[in-house]
Amino acid sequence: MGVRQGGLTGPVDVPLRNPAELARRLELAAPERLLLVDAPDSLLALAQSVREGRSAPEAVEGDAIRSVKETFDGILLWREERPGSQAILHAAARRLAPGGVLWVVVALRKVTGVRTPAIHRLDREDVVKAFAKEGLLPDREVRVSAWHAAHRFARP
């Protein structure tokens, strides 16, 4: 599997808001198997630090998600750009185990400081539309950084 080692081509690292609370709200310790897709190094390190007694999270770049053959109880996908996102969103949904949850972190629309111009940013509505075909519905939102929010999707 294409495991990403710190800082290859993933997103620019971002300062996380209140990391201890963020780990709890994103339920990073809960899934038996956790997959992080395009997560910045700070989020990968946070996930590793809270998973005592559990398997370490696996991390891949979005372009390599097709090489992942297993399913996961929890997936966290970090995606700012709209171009190319549909294939990655669908690939992530196919790797979600029954009863699992999928978090998608997107850049907020009206903020500066994000590398992706606002017109090209993936937003919540794009993700909701993509996951409707997969039977995944949004049920929670968590602010991750000054510029990003995570949206939780699960099957009812």
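Bear in mind that the values in this text are calculations on the coordinates, not laboratory data. Here the structure is a predicted model, which is why all the values come from computation and not from measurement. Positions of Cβ are generated from backbone atoms using ideal geometry, with glycine treated the same way; all protein chains shown enter the neighbour counts.
See the values below:
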quantity	calculated
Table column - 3J(HN,Hα) (Hz), the stretch 132-138, Karplus curve with 6.51, -1.76, 1.60, x for Gly and Pro	4, 5, 8, x, 9, 10, x
Protection-proxy order for peptides 56-67, 19-30, each taking the mean of Cβ atoms within 10 Å per residue, highest first	56-67, 19-30
Among (1) 102; (2) 168; (3) 112, the entry derived from the coordinates for volume of the Cα convex hull per residue in Å³	(1)
Extension reserve of the Ser42-Arg140 stretch, reckoned as 0.36 nm per residue once the Cα distance is removed	33.1 nm
Value of [θ]222 nm, deg cm²/dmol, for the chain, DSSP H segments ≥ 4, -39500 (n - 2.57) each, nearest 500	-6500 deg cm²/dmol
Relative contact order %, the stretch 39-156, counting alpha carbon pairs below 8 Å whose residues are six or more apart	24
Karplus-derived 3J(HN,Hα), 6.51/-1.76/1.60, for each residue of the stretch 48-62, Hz, glycine and proline x	5, 6, 9, 9, 4, x, 10, 5, 5, x, 9, 10, 9, 7, x
Distance (nanometres) between label positions extended 7 Å along Cα→Cβ at Lys129 and Ala30	2.9
